[in-house]
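Just so it is clear, none of the values below were taken in a lab; they were calculated from the coordinates. In this text the structure is predicted, and so the values were computed from the model without any measurement. We place every Cβ from the backbone using ideal geometry, glycine too, and count neighbours over all the protein chains shown.
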There are 2 protein chains.
Amino acid sequence: MDICSIKCINETKVRETVKTLPPKEDITQMADIFKALSDPSRLKIVLALLNQEHCVCDIAAICSQTDSGVSHQLRLLRTLKIVKNRRVGKIIYYSIDDDHVISLINMSLHHVRH
Amino acid sequence: MDICSIKCINETKVRETVKTLPPKEDITQMADIFKALSDPSRLKIVLALLNQEHCVCDIAAICSQTDSGVSHQLRLLRTLKIVKNRRVGKIIYYSIDDDHVISLINMSLHHVRH
DNA sequence: TTAATATATGAACAAATGCTCATATGAGGA
DNA sequence: TCCTCATATGAGCATTTGTTCATATATTAA
């Protein structure tokens with residue numbers, strides 16, 4: 001029980017756990033990666049690139065989304081270094097840039113399939 | 001090139017990748033789990049419970065959030081079977097219910113620390 | 001240079017999200 | 001019983017998010 005509070009708080013346990021928490025910045029970064037994968041249409045794009053690299057309009061065809069929508073999502077994924085791209089003439093091919101993300105996705109896939 | 005379209009689409013690659021995509025339902029479920037971990041304050045709650053079980057007001061103290069806010073988040077996490085609880089009198093203790101989530105978090109922690 | 005095409009970008013808007021405040025529930029003690 | 005405390009819940013709101021539409025950029029071909 002805290003002297004300065006009416007609340008029922010187990011100070012020992014609280015202090016113990018506070019010590020184990022990662023720094024705020026790490027938590028923010030972790031959340032950012034999870035957020036990138038938290039939208040079904042964006043996740044679908046990443047899943048598509050898991051198989052092989054694709055150009056923007058192929059991704060749009062695969063995911064039944066507009067080119068513009070896909071482009072917006074790819075920018076976000078690029079910012080987070082989840083995907084990278086290479087240009088061949090007019091066409092820009094996207095692929096996965098981050099192996100950890102592949103592991104994260106495989107693990108969650110395994111999870112939803114029990 | 002598609003006969004019915006002006007767009008430059010590599011049909012073979014598109015069809016190949018479409019075959020590898022998980023069913024829509026699986027994608028939705030995966031996205032739901034990632035979404036649960038995509039908010040920093042909610043992620044912090046899960047990180048706190050990773051260490052040991054805690055009652056609601058201890059979680060609030062650890063995470064510098066209001067009891068009410070924590071309670072709302074815990075309900076969401078409960079719905080997704082990420083956390084579970086047990087009652088001891090007036091106090092309700094929450095803990096992690098899903099080992100896969102622990103793996104997901106450890107992997108993303110490892111990721112942000114290169 | 002001009003036209004055509006692949007991709008990117010900005011603005012706008014509807015929908016979803018997280019937080020706060022007020023109130024409700026449910027358990028223990030007086 | 002009544003009061004207190006731990007937790008839960010609903011409504012309201014400001015903010016964020018995903019999508020669409022129009023337009024811009026960049027590359028190739030004519």
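Observations, loosely collected:
- Placing one equal scatterer on every Cα of segment A:69-111 and applying the Debye formula, the log10 ratio I(q)/I(0) at q = 0.20, 0.25 Å⁻¹ is -0.69, -0.89.
- Sum of -39500 (n - 2.57) over DSSP H runs of 4+, divided by residues of chain A (222 nm, nearest 500): -19000 deg cm²/dmol
- Largest first, the extents of the alpha carbon coordinates of chain B on the three principal axes equal 69, 31, 24 Å.
- Chain B, relative contact order [Cα under 8 Å, separation at least 6], %: 19 percent
- Distance in nm between pseudo-label sites at B:Leu21 and A:Arg86 (7 Å out along the Cβ direction from Cα): 2.5 nm
- If the convex hull is drawn through the Cα atoms of the protein assembly as shown, its volume per residue in Å³: 127 Å³
- In this Cβ point-charge picture (+1 for Lys and Arg, -1 for Asp and Glu), chain A has a dipole of about 180 debye about its Cα centre.
- Couplings for segment A:101-114, taken from phi via the Karplus curve 6.51 cos²θ - 1.76 cosθ + 1.60 with θ = phi - 60°, read 5, 4, 5, 4, 5, 4, 5, 6, 4, 4, 5, 5, 9, 6 Hz in order; Gly and Pro are left as x.
- Other-copy label distances relative to A:Arg87, 7 angstrom Cα-Cβ extension, nm: 6.4
- Two-site label geometry, A:Ser41 and B:Asp32: point separation in nm, points 7 Å out along Cα→Cβ: 2.1 nm
- Across the copies of the chain, A:Thr66 has label points (7 Å from Cα along Cα→Cβ) spaced 3.8 nm apart, shortest distance listed first.
- Mean-position separation - Cα centroids, segment B:88-114 and segment A:72-86, in angstrom: 28 Å
- Between A:Ile92 and A:Val56, the built amide H atoms are under 5 Å apart, and every one of these is 5 or more places off in sequence or on another chain.
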